[in-house]
Each structure stands twice: as C-alpha cells, then as structure tokens.
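Chemist: Dumping the structure here so I can ask a few things about it.
The values are calculated or read from the model by the stated rules, or taken from the named source; none is laboratory data. What you are looking at is a predicted structure, and each value in this text was computed from that prediction instead of being measured. No Cβ is skipped: glycine too gets one built from the backbone with ideal geometry, and neighbour counts run over all protein chains shown. Just so you know, the surface numbers come from the protein's heavy atoms only, side chains and all, with ligands and any DNA or RNA stripped out. Shrake-Rupley method; radii C 1.70, N 1.55, O 1.52, S 1.80 Å.
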Amino acid sequence: MQSARDLLESVINRMSVFRNKEVLYPEYVPPTLPHREEQLRRLAEIFRVIILNPGVASMRALLIGGVGTGKTATAKVFGREMRRLAKERGIDLRYIHVNCHRDRTLYEVVSEIVRQMGAPIPLRGLSPREMMLALLNFMERNNVYALVTLDEFDYFVNVAGNDAVYFFVRLYDEYSDIKKRLSFIFIARDRTSLDKLDPTTESYILKHVIIFEKYKSNELYDILEQRRNEAFYPGTVDDEILRYIADIEGVDKGGEGNARAAIEALLLAGEAADYEGSHKVTIDHVRKALSQVQPDVVRISDILPYLQLHELLILKAAISVLKRKNAPYARIGEVEEEYRSICHLYGEEPRKHTQVYEYVNNLKHMGVIEARISGKGFRGRSTLISISVPLDALEREVDMLIEKRRKLSQ
C-alpha cells in the first residue's frame, strides 16, 4: 500500500499535458482577441480623444452581449493597450475595472474606483459625492486620467437605481469647469435592465453601443487554437479536439456561442487526461468535460468569487438542505435555520432575518438561485429556493471560497 507521501508525490511529479494552465482560467486576459477586432476598433474611435486631446471630453460606451461573448476581455485588452499608448505620449492614463456583482452600490463602486486609483482618500465618513470630488481633485493635482469599466452594469442598475447611474453619466454637469479626466465603459448582457432608467439617463447610456454577437464555430476554433498553443505542450491536443468542441458550442451549429464554456471544456478535458495519466487529450476526455460544462454552471462559477461571505454561507445552507431533503425546493425558513447552524460551526455571527432575506434576493437577482413564492401544494405562503446546477460541484466551489474569505479576514 502506498504511503500518503508517495501518493501525493506520484500526483505532483507525474507528466502533464499542460504547459501553462492559467491561460485557460476566466481571469486570464490574452494578448490578442480573435474576432473582436471590430469591437476594439469601435472603442478606439469612441475614446481616441483621451489620447489626442485629453481632458476635453468625458466619453462613454455600452458593451452588450450574452455570457461568454468576450465583453470583459475586450474591455480589459482595450484598457491595457490604451494605457500603453497614453504612456508613450506622456499621459498618465489608468485603467480601472469594477465588477458590480461585488461592488453593488454607488458608495461601493466609488470606493473601489478610489482604491484602484491609489488616491489617499479616507473611505469612511464620506458620501459618494464627497469621495468623488476628492478623487477629481486628486486627479487634477496629479495630472491623472482614468478609463473606468463598470462590468455587470445591468446588476448595478437593478440594485443602485437610476440616481446612481445618473451620478456617473452626468458627473461633469456639476463640475463643468474642470478637465474631463474620467471616462466610462459599461458592460451589460442586454438592454432590458436599462428600461428602469428615466429617458434622459438612458439616452446618455445608449449614445455609443457596441454589440457582441455569440461566437460561431469557426470563431471558437480560432480562440481555442490560440489558448491551446499557450496552455498545452505541443502535440498533446490535436486540431480535431478543438474542432469538436467548437462545433458543439458554436451558435451556428446549435450551441450557445459561449467562448467561456468552450475554453472551460478544453481545460476540463486536459485535466481528465492528466488524471488518467494520458499524454494526449482525446475525444473521450472532451465528452467527459462537456458533461460537466453547462451554460448555467459556467455563468454561476464566474459569479461566485464576487459573493460576500454570508451570501456564500446562505448558499451553502441552501445546498445542504436541498441535498438532505433530496427535493427540488427548500423553504427559506429551513435554509435560514441551516445557515445559523453553519455560522455556529464557522464561528460567525449569523445575520438577522431581514438581512438573510436581502441576501437571498441578491442571489436570486444574480441568477445563482431561483426563489419564488409557494403556491398550490404548500401549506401557507413561503419563499421556495431551488438551484438548477449540480449541487456537489457547486458545494465544493462554495466551500473553497468560504475558506478563502475566512483566511483573509483573520
């Protein structure tokens, strides 16, 4: 029988098909973006004034497209290259990327902009307006410009409301005599959330709209080829593997057109090959990977890192109740009771009922859980919670993130 040490060493030291696995992770920003050249060109047209005549105008653009259509990667690549171009011309342009799943209110978004800017502004005791004025003064004193992306902007609209959006789009109305040092990119999945805005605010947002269509099979093939060449050792992933994944995921072949799902499938197929000790990724490895990659799984995995600790604890509680009952729904009361037990195990002070209900609503709005009022077949009225993705895999991710959060807070 192998000792624990021998077992661990055999896993750690075995051959791998991966040369650089990180290239396949969601947070990786590639050097180039196949089939997003037109969107980059549009962004350059909109924001060129920042480079050619900085301070004259504050520009805005709205990027719209479904999950996995390259919106976030395009914004980050554009911000990175704009900063380089600005630096060559002696302009201090910062790129700031805020995810509105994590930073949901006007106060949190402004605080995050201040933090990423590195401005010495106290974040406690100041209103968003006061923080923004202090930030603008800091930028003026230090001759700094910034391009700010608000990702998952539709969620910010739902949570923060019209006045918070108006605050950003009409920022320089109040400070018209100073240089326009802040410009914005907004990223949303569709336009429906903007219906909640008043017509004036909406018109400012929709002035420059860039659409991201779902990827076709040949486009996904090019993306996978780029990632394959960076992530894997030569000869470990044949072209037919890439074509197989691309044909399954491509929108023109009946798939979701989701590059994130296609890249995730390639990653999981490589991990399956490693687990079996194979020197090549096979079609069978891809089949195993695709059985794990559902659009909802990929989407929720992207959201989880931005959840607060107690949202994760409530999600864990919902998973536990659903698994124990082996039922499609759990009452919110059952989940709250389980949440309090889990808090006790982790040494965390449980939140009050109203806060728990707010967290449940947040998880619902983000699409992590489904929540509805009970109807026929249930005694009394209660909020029923369900989860549409495989519970075991979700629970592993949630447990890992809870441990990370608790270590950071210690």
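Chemist: So is residue 317 closer than 21 Å to residue 218 by Cβ and crowded, with 17+ Cβ neighbours inside 10 Å or not? It would help to see each step written out before you state the result.
Modeler: Details: closer than 21 Å to residue 218 by Cβ: no; crowded, with 17+ Cβ neighbours inside 10 Å: yes.
It is false that residue 317 is closer than 21 Å to residue 218 by Cβ and crowded, with 17+ Cβ neighbours inside 10 Å.
Chemist: Residues being of a type in the set (Asp, Glu) and under 27 Å from the mean Cα position of the chain (by Cα): count how many of those fall in segment 306-335.
Modeler: Within segment 306-335, the first condition is being of a type in the set (Asp, Glu), and the residues that meet it are 311, 334.
Still in the list and also under 27 Å from the mean Cα position of the chain (by Cα): 311.
The number of residues fulfilling the criteria is 1.
Chemist: Taking only segment 314-326 into account, find how many residues are of a type in the set (A, V, I, L, M, F, W, C) and touching an Asp or Glu at 6+ places or on another chain (Cβ under 7 Å). Give the derivation first.
Modeler: Of segment 314-326, the ones of a type in the set (A, V, I, L, M, F, W, C) are 314-315, 317-319, 321-322.
Right, trim to touching an Asp or Glu at 6+ places or on another chain (Cβ under 7 Å) and you get 317, 319, 321.
Residues meeting the conditions: 3.
Chemist: Here's something else I'd like to know. Consider segment 76-85. How many of its residues are touching a strand residue (DSSP E or B) at 6+ places or on another chain (Cβ under 7 Å) and open to solvent by 20 Å² or more (accessible area, probe 1.4 Å)?
Modeler: Step one: of segment 76-85, the residues touching a strand residue (DSSP E or B) at 6+ places or on another chain (Cβ under 7 Å) are 76, 79-80, 82-83.
If we keep only those that are open to solvent by 20 Å² or more (accessible area, probe 1.4 Å) as well, we get 76, 80, 83.
Number of matching residues: 3.
Chemist: Moving on to the next point. Give me a count of the residues in segment 157-182 that are among the hydroxyl-bearing types (Ser, Thr, Tyr), in a loop (DSSP other than H, G, I, E, B) and open to solvent by 70 Å² or more (accessible area, probe 1.4 Å).
Modeler: Within segment 157-182, the first condition is being among the hydroxyl-bearing types (Ser, Thr, Tyr), and the residues that meet it are 166, 172, 175-176.
This time we only want the ones that are in a loop (DSSP other than H, G, I, E, B), so: 175-176.
So of that shortlist, the ones also open to solvent by 70 Å² or more (accessible area, probe 1.4 Å) come out as 176.
Looking only at that region, the number is 1.
Chemist: Same structure again: Looking only at segment 86-100, which residues are on the phi < 0 side of the Ramachandran plot and open to solvent by 10 Å² or more (accessible area, probe 1.4 Å)? Let's see the steps before the verdict.
Modeler: Let us first name the residues in segment 86-100 that are on the phi < 0 side of the Ramachandran plot, namely 86-89, 91-100.
Within segment 86-100, 87, 88, 89, 91, 92, 94, 95, 97, 99 qualify.
Chemist: Between a residue in segment 152-164 that is more than 14 Å from residue 99 (Cβ to Cβ) and any residue that is surrounded by fewer than 21 Cβ atoms within 10 Å (Cβ to Cβ) and modelled with pLDDT of 95 or more, which pairs come within a Cβ distance under 7 Å, given they are 6 or more apart or on different chains?
Modeler: Qualifying pairs under 7 Å: none.
Chemist: Another question, then. Among the residues of segment 18-75, count how many are among the hydroxyl-bearing types (Ser, Thr, Tyr), open to solvent by 40 Å² or more (accessible area, probe 1.4 Å) and under 11 Å from residue 212 (Cα atoms). Write out each step before concluding.
Modeler: Residues of segment 18-75 among the hydroxyl-bearing types (Ser, Thr, Tyr): 25, 28, 32, 58, 69, 72, 74.
Subsequent filtering for residues that are open to solvent by 40 Å² or more (accessible area, probe 1.4 Å) retains 25, 28, 32, 72.
Among the residues that remain, those that are also under 11 Å from residue 212 (Cα atoms) are: 72.
Here the count works out to 1.
Chemist: Residue by residue through segment 226-276, note down the ones that are farther than 16 Å from residue 213 by Cβ, in a loop (DSSP other than H, G, I, E, B) and open to solvent by less than 50 Å² (accessible area, probe 1.4 Å).
Modeler: Selection gives 236, 237.
Chemist: Right, next: Can you list residue pairs whose Cβ atoms sit under 6 Å apart, with the first residue in segment 39-55 being in contact (Cβ under 8 Å) with a residue 24 or more places away in the chain and within 16 Å of residue 76 (Cβ to Cβ) and the second being open to solvent by 20 Å² or more (accessible area, probe 1.4 Å) and not charged (D, E, K, R)? Count only pairs 6 or more apart in sequence or on different chains.
Modeler: 47/59
Chemist: All but one of (1) over 28 Å from residue 202 (Cβ atoms); (2) touching a Ser or Thr at 6+ places or on another chain (Cβ under 8 Å) hold for residue 47; which doesn't?
Modeler: With respect to (1) over 28 Å from residue 202 (Cβ atoms); (2) touching a Ser or Thr at 6+ places or on another chain (Cβ under 8 Å), residue 47 is out only on (1).
Chemist: Kindly check whether there is at least one residue in segment 134-144 that is basic (Lys, Arg), surrounded by fewer than 20 Cβ atoms within 10 Å (Cβ to Cβ) and modelled with pLDDT of 95 or more. Spell out how you get there, then give the answer.
Modeler: We begin by selecting, within segment 134-144, every residue basic (Lys, Arg); these are 141.
Restricting the remaining residues to those that are surrounded by fewer than 20 Cβ atoms within 10 Å (Cβ to Cβ) gives 141.
Now drop any that are not modelled with pLDDT of 95 or more, which leaves 141.
Taking every residue of segment 134-144 in turn, at least one turns out to be basic (Lys, Arg), surrounded by fewer than 20 Cβ atoms within 10 Å (Cβ to Cβ) and modelled with pLDDT of 95 or more.
Chemist: Let me ask another. Test each condition in (1) open to solvent by 60 Å² or more (accessible area, probe 1.4 Å); (2) at pLDDT below 95 for residue 3 and report the one that comes out false.
Modeler: Tallying (1) open to solvent by 60 Å² or more (accessible area, probe 1.4 Å); (2) at pLDDT below 95, residue 3 fails exactly one: (1).
Chemist: May I ask you to list the residues in segment 194-223 that are among the polar types (S, T, N, Q) and either open to solvent by 10 Å² or more (accessible area, probe 1.4 Å) or part of a loop (DSSP other than H, G, I, E, B) (or both)?
Modeler: Applying the first criterion (among the polar types (S, T, N, Q)) to segment 194-223 yields 200-201, 203, 217-218.
Within segment 194-223, 200, 203, 218 meet the criteria.
Chemist: Now for a separate question. Can you give me the number of residues within segment 247-279 that are farther than 23 Å from residue 69 by Cβ and in contact with a Gly (Cβ under 9 Å, 6 or more places away or on another chain)?
Modeler: Initial filter on segment 247-279 (farther than 23 Å from residue 69 by Cβ): 270-279.
In the following step, the residues that additionally are in contact with a Gly (Cβ under 9 Å, 6 or more places away or on another chain) were identified as 279.
The total comes to 1.
Chemist: Give the residue, chosen from 293, 298, that is touching a Gly at 6+ places or on another chain (Cβ under 8 Å) and either open to solvent by 10 Å² or more (accessible area, probe 1.4 Å) or not aromatic (Phe, Trp, Tyr) (or both).
Modeler: Selected residue: 298, the only one of 293, 298 that is touching a Gly at 6+ places or on another chain (Cβ under 8 Å) and either open to solvent by 10 Å² or more (accessible area, probe 1.4 Å) or not aromatic (Phe, Trp, Tyr) (or both).
Chemist: Still on this structure, I have one more. Helices (runs of 4 or more DSSP H) wholly in segment 298-410 with at least 1 residues that are among the polar types (S, T, N, Q) and closer than 30 Å to residue 24 by Cα - which ones? Can you show your working first?
Modeler: Numbers: elements: 309-325, 332-346, 353-365, 391-409.
Helices (runs of 4 or more DSSP H) meeting the threshold: 353-365, 391-409.
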